[in-house]
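A short write-up of the structure that comes next.
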Amino acid sequence: MKATETKLKGCFILEPTVFEDSRGYFFESYNEKKIKEILGYVPNFVQDNQSNSSYGVIRGLHIQEGDYAQAKLVRVVEGSVIDVAVDVRPESETFGQSVAVELSAENKKQLFIPRGFLHGFSVISEKATFFYKCDNGYNKSSENGVNPLDPELSIEWGIPEDKMIISEKDLEAQSFDSFKNN
């Protein structure tokens, strides 16, 4: 497994070694020993989630805060997405900065997102099945978020504006300015 730390400390792109032959392919999607070598610790993943979405869907930007903060290991098992992590760790040198990585069933890349990050993705294929591990369970009262179209963040979602499909909840989410001042 090849690991590349992004410009956001602790946020890694993981690329598995893929073995292909006439029957198809095989790869390790998770290996605790290798994760420990990369991160220096092993997240205690306690929940797996999966979603399926159509072209143009943007989900996010979401975060679980406080005792329910979550680190995530995300990947795509069908289709292609642009996955986005925004550093909102108060003491971080890269606070407010983001990374965007194309994750697809074809490239088999994963993104490890530590606690303290907003997270979202956009579907750039006809459909996409998105899978992720979390190191903490979901808690409704701990959820927070930022409007994915916030101009201060200037995220390039790879979807024309007239093709974007965003939930009312995400469109009504606070601005990044409000988020960082709370």
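The figures follow:
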{"item": "Cross-chain or 6+ apart pairs with Cβ under 7 Å, region 11-25 first and of a type in the set (Ser, Thr, Tyr), then surrounded by 11 or more Cβ atoms within 10 Å (Cβ to Cβ)", "result": "THR17/MET1; THR17/PHE27; TYR25/VAL18"}
{"item": "Single unsatisfied condition, LYS108 versus (1) over 18 Å from LEU8 (Cβ atoms); (2) assigned to a strand (DSSP E or B)", "result": "(2)"}
{"item": "Count of region 52-106 residues which are more than 27 Å from ASN181 (Cβ to Cβ) and touching a residue at least 60 places away in the same chain (Cβ under 8 Å)", "result": "9"}
{"item": "ASP150 closer than 29 Å to VAL46 by Cβ, surrounded by 17 or more Cβ atoms within 10 Å (Cβ to Cβ) and of a type in the set (D, E, K, R)", "result": "no"}
{"item": "Filter result for the condition that a residue is surrounded by fewer than 18 Cβ atoms within 10 Å (Cβ to Cβ), polar (S, T, N, Q) and closer than 19 Å to SER51 by Cβ, over SER167, SER92, SER141", "result": "SER167"}
{"item": "In region 13-46, residue nearest to the chain's Cα centre (by Cα) [restricted to those that are closer than 13 Å to PHE112 by Cβ and in a strand (DSSP E or B)]", "result": "ILE13"}
{"item": "Flag if LYS72 is at pLDDT 95 or above and farther than 18 Å from LEU8 by Cβ", "result": "no"}
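The values are calculated or read from the model by the stated rules, or taken from the named source; none is laboratory data. The structure displayed is predicted, hence computed values, not measured ones. Cβ sites come from the backbone with ideal geometry, for glycine too, and all protein chains shown count toward neighbours.
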